[in-house]
Structures are given as C-alpha cells and as structure tokens.
Amino acid sequence: MCKECGCGEETTHEHEYVHTHDGHTHSHRYTHDHGHDHDHDHDHDHAHDVDAAAVRTVSVREKILSKNDEAAERNRAWLKAHGIVAVNLISSPGSGKTYLLERTLEGLRGRVPCAVITGDQRTDNDARRLMGKGAPVKQIETLNACHLDAGQVGGVLEEVAGNGVKLLFIENVGNLVCPSAFDLGEDFKIALLSTTEGEDKPVKYPSLFSAAPVTVLTKMDLVPHLDWNVSACRAALRQVRPGVFIFELSAKTGLGMEAWLDYLAKLVG
Amino acid sequence: MHELSIAQALVEQVERVVRDEKARCANRVMIAVGALSGADPEALRGAFPLVAEGTVAEGAELVVEVMPARVRCTACGAESAAENYFVACAACGSRAVELVSGRELHIQSVELEVEER
C-alpha cells in the first residue's frame, strides 16, 4: 500500500541495479519505491502544496569503510605484485612494538630485506629509533586519528618498499581498538601484548585479538616480578581466537627472539 | 574514537546515495554494527550528527542494529551465539569454529526525502 496516501498501490519493489560510479560498473540488489502521481484531468478549487515531500527507502548494503577497503585492496595488489609480505602490528601504547622492531631489524639484517611504516599521532621519534638498521623507514603522523588507514599506507608504499623489500612491518598507532577496524592491505595482523598489561586483555578487547592470527607476548623477562600467569593469558587468547599462534619473548634479553626471527624469515622464504 | 572516521565515511556514502537518487536529503540511515567490529554504537550515534552537520544527512536519524557474534562449528555444523566472545560451539564445545557474523560495519538502507511529482 502506498504509505503517503493509503491508495493501495504497491510501489516498493526489488530488482538488480547495474550502474557506474567511481569509474567502474557493478550491480547489486536494489529495493526502492517509485513515486506515483495522483494527477487527474480537472482542477481542484484549492492550491497544491508544490513543495510536498515524499519519503522512500533505498537499500544500500555496502561496507561503511568500503573506500578504505578499496584502497587496502590496491595496496594488497601492489604488495603481491612486488612479492612483499606485509604484517600490521597492533597493540596498546607502550607494549614494546618499536623496541621489538628495533631488535627484529637488527636480527634480520642481511637475511631478509625489511621496511617499516610506522604510525603515531605526533612526532617521528619511532622512525628515528628504527633508522640506521639497514631498512627503509617511513613515519606517518596521523594527527587526530587513532589509527592508520589504507590511503595513508598506500601513499608511502612505493617510497618505502619499492626497492627489493620482502617483508614490510606496518607499526600501527598504539591502540587496542581502533586500528583493528581498518584493513591496510596487509597479509595479516599481529597483536602484541606485554606482560604488564594483564592476562585478560584478549577477552576485554576481542575485536583485535580475535582478528590477529598471531600474538606476541612481550616483556617476558618481567614475569618473575609480576602477578601474571602465562597459561591464563594463553587461555584468554584462545577464547577469542582458537588456534592463535603465540610467541613469548623478551626483546631486551633476547629470550624467544630466535624463534620469532626464524618465523619471520620463513614468511618470505 | 575511530567512530569519527567511520561516521565520516558513512556521511560520504549517504551524500552519494542522495545524489544518485536525486533526493532532497536523508531522513534516516540504517546501519549494522557487529559486536566484534571494534566500533562502539554509542560513540557512532554521538559522532554521526557532528559529521552530518551542513550536509544532506544533517538531522537524519541514525538507526544502529547491533549484530551479535555468531560462530559455525566446522566439526558438527551447528551455528551458535559466541557468548561473551568465548569462541566455541555451543552444541559440541568444539573450538574449531568460524565466525559467521559479528564483524559487520555496513550501511543497510537510507530513507530519503524526495520531491513529490
């Protein structure tokens, strides 16, 4: 029935809708109403409201971040074409991403050609820490944003990874929530969780830990000084991501670093 | 607060729909937000009017449908709610499950105000 006038005319229907936008043509299901007029061939003795509005609903069914996802797919295609494996490192601020990367770049130097894109709201402190280790490094300042997006990464890909790089680390802005929503075109996400953060973080922040097939437990050298239980932490990780691959290491003492470096080398193997 | 970025992307989509449909403006925007999407429905409701201001989406109501996390068991085939994200099959307890919903961040439909002909 017509919602506007109750005249009984069925106006909502669904059909395949082929159209062109942003330079490509595609098709999707499309539910919408057609306006129908109530004109007839004599005059009324009152004025029509020429500004009368009708309401109709169109079905869209699209990802809200589709623009980001399209940029991510372009990054993914570029990386694949250049034979580069890319990992998106996500964790809270202060869990040791940059320190682990420093040690990782040193450990892989001469073995795997690496590059780093690092994101922070402000400063290029991280990039300065990571330079001089044989890998190109590019800092992205996200300013007010709490995450990197695919467009930002795409803007620097060629510059940082264009020259024979095999393994690209994308060090995201320190944040357990927001970065997990933005696909950057990486092969997969790696979550970091430090022993000072509490072993139940995976169940408190499931959006990241359920999306990361690999989690690195950092600062393992501090465990003797903490009320922190490694098996409880592993159980929490498996609650949100059965089959998660877990590394335990200390970038400071070198504990567990060999297994981590071997794993990374095999990724590009 | 990446909800601001999400709201920004959403308003751009609504603007495009309004343009494509030659409508006047949007009255209501329906979206689906998964429990594991990392987006907070309340924060989205807060961010949307701020970003929509001065656009064809200004004043539009944002309707958020929260999609619970659901898993399908690869062992027994049952589909169940992933209660508190404890990802296991409710029927047989197997951990060999795959997420079938909960990561959505979708625009579903837009109610438009159009000129009556």
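Read-outs throughout are calculated quantities, based only on the coordinates presented, and are distinct from any laboratory measurement. Quick caveat: nothing in here was measured; it's all calculated off a predicted structure. Please note: Cβ atoms are built from the backbone with ideal geometry, for glycine as well, and neighbour counts cover all protein chains shown.
Before moving on, here are some points about what is shown:
- Highest GNM mean-square fluctuation among B:Gly34, B:Gly102, B:Gly46, for chain B modelled with Cα contacts below 10 Å: B:Gly46.
- DSSP finds beta bridges in the protein assembly as shown, and of those with both partners inside it, around 50 percent are antiparallel.
- Separation of the A:Val230 and A:Lys252 label points, Cα + 7 Å toward Cβ, nm: 1.7
- The mean number of partner chain beta-carbon atoms within 10 angstrom of a residue's beta-carbon across peptide B:98-104 is 2.
- Peptide A:58-71, shielding by other chains (average Cβ, 10 Å cutoff): 6
- Acute angle (nearest 10 degrees) that the helix B:3-20 long axis makes with the longest principal axis of chain B, alpha-carbon atoms: 60
- Ranked by the mean number of other Cβ atoms within 10 Å per residue, highest first, peptides A:138-145, A:165-172 order as A:165-172, A:138-145.
- C-alpha long axis of helix B:41-52 to longest principal axis of chain B, angle in °: 20
- Close amide H contacts of A:Ser95 (hydrogens built in the peptide plane, cut-off under 5 Å, sequence separation of 5 or more or a different chain): none are found.
- Max mean-square fluctuation residue, GNM over chain B, Cα-Cα springs under 10 Å, options B:Ser94, B:Ser37, B:Ser80: B:Ser94
- Distances between every pair of Cα atoms in the protein assembly as shown, grouped in 20 Å steps from 0 to the bin holding the largest one, split as 24, 49, 21, 5, 1 percent.
- Centre-to-centre, using Cα atoms only, the stretch B:101-117 and the stretch A:157-196 are separated by 32 Å.
- Projecting the Cα atoms of B:Ala57, B:Leu112, B:Ala43 onto the charge dipole of the stretch B:8-117 (Cβ charges, centred on the Cα centre) puts B:Ala43 farthest toward the positive pole.
- Overall form of the stretch A:55-199: oblate. Here a/c, set by the Cα gyration tensor axes a ≥ b ≥ c, is 1.5 or more, and a/b is not larger than b/c.
- Annotation: amide H-H contacts under 5 Å for A:Arg61 (H modelled 1.01 Å from N, sequence separation of 5 or more, or interchain): B:Gln108, B:Ser109.
- From the largest down, the stretch A:109-162 spans 37, 21, 13 angstrom on the principal axes of its Cα atoms.
- Unit charges on C-beta of K, R, D, E only; dipole of the protein assembly as shown, Debye: 3020
- Computed from backbone phi with θ = phi - 60° and the Karplus coefficients 6.51, -1.76 and 1.60, the 3J(HN,Hα) list for the stretch A:121-130 is 4, 9, 6, 10, 4, 5, 4, 5, 5, 8 Hz; x is used for glycine and proline.
- Local charge for A:Glu141 was computed over the other residues whose Cβ lies under 9 Å away, with Lys and Arg +1 and Asp and Glu -1, and equals -1.
- Peptide A:236-248, shielding by other chains (average Cβ, 10 Å cutoff): 3
- Where labels lie 7 Å past Cα in the beta-carbon direction, separation of A:Asn144 and B:Val66 in nm: 2.7
- At q = 0.17, 0.18, 0.20, 0.22 Å⁻¹ the log10 of I(q)/I(0) for the stretch B:1-69 amounts to -0.57, -0.63, -0.76, -0.89, computed by Debye summation with a single uniform scatterer per C-alpha, solvent ignored.
- Cα-Cα pairs of chain B separated by more than 26 Å (percent): 35
- Sequence ranges A:217-225, A:60-68, ranked by mean other-Cβ count within 10 angstrom, highest first: A:60-68, A:217-225
- Distances between placed amide hydrogens fall under 5 Å for B:Met67 paired with B:Val33, B:Gly34, B:Ala35, all partners being 5 or more residues away or on another chain.
- Normalised by residue number, the volume inside the convex hull of the Cα atoms of the stretch A:188-269 is 82 Å³ per residue.
- Computed label-point distance, nm, for sites B:Ala90 and A:Asn163 using a 7 Å Cα→Cβ extension: 5.6
- Taken one residue at a time, the phi angles of the stretch B:98-110 give Karplus couplings (6.51, -1.76, 1.60, θ = phi - 60°) of 10, 6, 9, 7, x, 9, 4, 8, 10, 8, 9, 7, 10 Hz. Gly and Pro are set to x.
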